[in-house]
1. Go through the stretch A:133-142 and give me each residue that's touching a Leu at 6+ places or on another chain (Cβ under 7 Å) and open to solvent by 10 Å² or more (accessible area, probe 1.4 Å).
2. Only one of these is under 24 Å from A:Asp296 (Cα atoms), at pLDDT 85 or above and open to solvent by less than 30 Å² (accessible area, probe 1.4 Å): A:Glu125, A:Glu162, A:Glu112. Name it.
3. Can you give me the ranges of the helices (runs of 4 or more DSSP H) entirely in the stretch A:203-310 with at least 3 residues that are in contact with a Phe, Trp or Tyr (Cβ under 7 Å, 6 or more places away or on another chain) and surrounded by 15 or more Cβ atoms within 10 Å (Cβ to Cβ)?
4. Which of the residues belonging to the stretch A:22-70 are of a type in the set (A, V, I, L, M) and open to solvent by 30 Å² or more (accessible area, probe 1.4 Å)?
5. For the stretch A:334-367, which residues satisfy the criterion of being free of Cβ contacts under 8 Å to residues at least 60 places away in the same chain, within 14 Å of chain B (Cβ to nearest Cβ) and in a strand (DSSP E or B)?
6. Of all residues in the stretch B:92-110, which are modelled with pLDDT of 85 or more, open to solvent by less than 30 Å² (accessible area, probe 1.4 Å) and more than 10 Å from chain A (Cβ to nearest Cβ)?
7. In the stretch A:83-118, what count of residues is obtained for those that are over 28 Å from B:Ala57 (Cα atoms) and touching a residue at least 40 places away in the same chain (Cβ under 8 Å)?
8. Answer yes or no as to whether B:Arg89 is open to solvent by 10 Å² or more (accessible area, probe 1.4 Å), at the interface with chain A (Cβ under 9 Å from one of its Cβ atoms) and not polar (S, T, N, Q).
Amino acid sequence: MNVHVSTLDEKTRSSLAIESHSETEEYFINMGPQHPSTHGVLRLILKLDGETVREVIPVLGYIHRSIEKISEYSTYRQIVHLTDRMDYLSAIMNNWAVARTVEKAAEIETNERIESIRTIVSELERIHSHQLGWGVLGMDMGAFTPFLYGFRDREMITDILEETIGARLTMNYIQPGGVMFDIHPDFVRKVKEYLAYFKPKLDEYEDLLSGNPILQQRLRNVGIMDAETALSMGATGPVLRASRVPYDLRKIEPYGMYGEVEFRVAIGTAGDCWDRYYVRIEEMRQSMRIIEQLIDNIPEGKFLLKKPAAKLTIPEGRHYSQIETARGVLGFYIVSEGKETPYRAYFRTPNFHNLWSLTAMAPGGRVGDLVAIISSLDLVIPDIDR
Amino acid sequence: MGLITEKLPKMMAGMPGSDIIFTRMDAVINWARANSLWPLTFGTSCCAIEMMMAPGASRHDLARFGAEVARPSPRQADMLILAGTIVKRMAPRLRTLYEQMPEPRYVIATGACTISGGPFIYHSYSTVRGADTIIPVDVYVPGCPPRPEGLLYGLLTLQKMIRSGETVREPGIRHKPVTSETPEGITIEDIKSEMLALLEKDAVVDVRKAAEQMERPTGI
């Protein structure tokens, strides 16, 4: 089979050769890798006609750390520590993806206490990830106050998690067979206090930013993506749900304690930037609802069923499992030889697939809209490059 | 503001017309430089969030030390905070960014990745082991990622260095504060060469040899 992969050089040269239909001349500019609104080191090559974007070509690899290759040399417990450097805003959920795959493959059992602790800390982290996304979106749109508000409330969740876990950002908490430490004695009280504090604050968030006519004009009817495009691009998480596809792994394929709690999946109607923004706000409400149902009755029991010193092997074959992080579906795929380390490890990361929906949304819009679209996708670049 | 309201009146000499203050040129310039460091917004990965937490957010508030004006353009910045892993593809861009910054320029390396390669030191084919192989680094702040307080301490150390170090006639001279002592008979160069030898042994993978040794798993 002969497959031709067009290089970047060919792409830019061939499109320059075609004469533009309009009177203006099309040209290329670079956005990134050092750019304040690409949230890291993402590089986009833009084909512009005046101020109108004709094509977006993402160029990757500026933070490629070869995590998959290192995984081939690491035991399954060591892989857990690499995953929270991928999407560092949903570190605990990334741990869970590895733990769930390994538990499913090696048939390790967990109890209800472990599952409810996992669910609670994951939802807390989902809230703090969306708070950061909300604040940074405000900053990208030119308002600095949301950034301060988002980070103030995010810091409080970080404090609660730090008491139990010991880290502020790259938290290694969930491991195959349980969680690393038992929850702090103050954990339940502090989470309850936080929920009581944050509920009115979320309404304040909406007063502050959602009702702002400037923000609405910058987000509404910008970067529209219909359901079909979103599905064909492989987008997941809030990006897909904003395009009217009610796909949430927590509902469709319940894991943890999600099968036993009541919550609703937020979906958008138009699939524009506004919907992606608002789906996240609604998800924060639903996350608080989930925590409220679980926090009062965490069952008694052990927090770690498989001892860390015990040898952990996975039967020969292919294993795959996935979970819903704050940004979408994170899958972990192992090809095992029956040894302590995998033969091949692959991460299906949500941001990589969400990024490509940008190439479908941005053409036809303005350069200023592109910043709004990138911001509404809420990308984490190390998760794209791995 | 303590300097102006408290220390200055003691140093002033009364003269007819107005008060005059005598000081060294270097002291004034270094004082001004140390207290108005403008960082470049350069973040590659996880440490960038903690770096945003320090100067941007209200709890840690880097503005107290005069370093909150984050600039996206290297031409307006004079401090580069390396936040996050540097990989081989980013290395030339980092060098360009550094060279675009006007003199005097200072570099703080935060996090394990920029100091030595961190969690990606072994078996990675793309990570740069230590950002100081590309650009000179003034202050190292360890951690994965370091707490915002750690970054604040790093900034204060840099300010101390600037105040005690440079002179106008000989720019670029840095006096690094001694942080810990090495045992007798061992120099920093010995440790560095030993580390490099270890790294080369581990990191350079002969792909063909590895492929020969590795058997394909059965049934796949």
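1. Across the stretch A:133-142, the qualifying residue is only A:Met141.
2. Only one candidate passes the filter, namely A:Glu125.
3. Passing ranges, in order: A:273-295.
4. Kept after step one, since they are of a type in the set (A, V, I, L, M), are these residues of the stretch A:22-70: A:29, A:31, A:41-42, A:44-46, A:48, A:53, A:56-57, A:59-60, A:63, A:67, A:70.
Those that are of a type in the set (A, V, I, L, M) and open to solvent by 30 Å² or more (accessible area, probe 1.4 Å): A:Ile29, A:Leu60.
5. The one that is free of Cβ contacts under 8 Å to residues at least 60 places away in the same chain, within 14 Å of chain B (Cβ to nearest Cβ) and in a strand (DSSP E or B): A:Val335.
6. B:Tyr98, B:Met101, B:Tyr106, B:Val107, B:Ile108, B:Ala109, B:Thr110
7. Summing the residues that are over 28 Å from B:Ala57 (Cα atoms) and touching a residue at least 40 places away in the same chain (Cβ under 8 Å) in the stretch A:83-118 gives 22.
8. On the way: open to solvent by 10 Å² or more (accessible area, probe 1.4 Å): yes; at the interface with chain A (Cβ under 9 Å from one of its Cβ atoms): yes; not polar (S, T, N, Q): yes.
Here the answer is yes, as B:Arg89 does meet what is asked.
The values are calculated or read from the model by the stated rules, or taken from the named source; none is laboratory data. All values derive from a computational prediction rather than experimental measurement. Neighbour counts are summed over all protein chains in view; Cβ atoms, including those assigned to glycine, are modelled from backbone coordinates with ideal geometry. These accessible areas exclude ligands, DNA and RNA; they are computed on the full protein's heavy atoms, side chains included. Shrake-Rupley method; radii C 1.70, N 1.55, O 1.52, S 1.80 Å.
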